[in-house]
Amino acid sequence: MKSTAMSVLAVTFAAWTAGSAMAADTQAPLTRAQVNAELAQAQRNGELLANQESGLKARDVAPGNYPAQAVAGKTRAQVIAELAEAQRLGEIPVDGVSGLKANQLAPGNYPAQPAAAGLSRDQVQAELAAAMRSGVVPVHESI
């Protein structure tokens, strides 16, 4: 236990001194309480190295022991609006076995899905001819 605590402190100190060396000189040095708070936060989040040889963090070794990391991006209101839209369109999976969505199980209960725009017949024939000329698609002579 002592060696683990010592190695945690050594890693933290090394990271702190390396970060301080790269930081601008205008930053004031951290107090002991700030360093201890950062260490405690890193321990809670699994950010400390679990194994010196592999370089893996504790979170990577045992992700279930640490809280999920917050993903920045959408606000709560945006997520709620997306959920409401998905429910309205029947995009929520309802069958845990097959993974089918509500609009696939009961399409009449939801608005029709727009068909994906495809290529015209002429466009497909032009792509095929170009692929045959370039050798991507082999050309077989009919008998």
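Read-outs throughout are calculated quantities, based only on the coordinates presented, and are distinct from any laboratory measurement. Every value quoted in this text rests on a predicted model; they were computed, and no experiment measured them. For neighbour counting, all protein chains shown are included, and Cβ atoms are generated from backbone atoms with ideal geometry for every residue, glycine included.
For region 81-143, GluC sites (Glu not before Pro) meeting the loop criterion (DSSP other than H, G, I, E, B) and having at most 16 other Cβ atoms within 10 Å: E91, E141.
Around the amide H of A50, modelled in the peptide plane, lie the amide H atoms of L56, K57, A58, all under 5 Å away and 5 or more residues distant in sequence or on another chain.
With the simple spin-label model, which puts each label point 7 Å out from Cα in the Cβ direction, the Q52 to A33 separation comes to 3.3 nm.
Label point of V94 set 7 angstrom out along Cα-Cβ; within region 107-125, amide nitrogens under 14 Å from it belong to 107-111.
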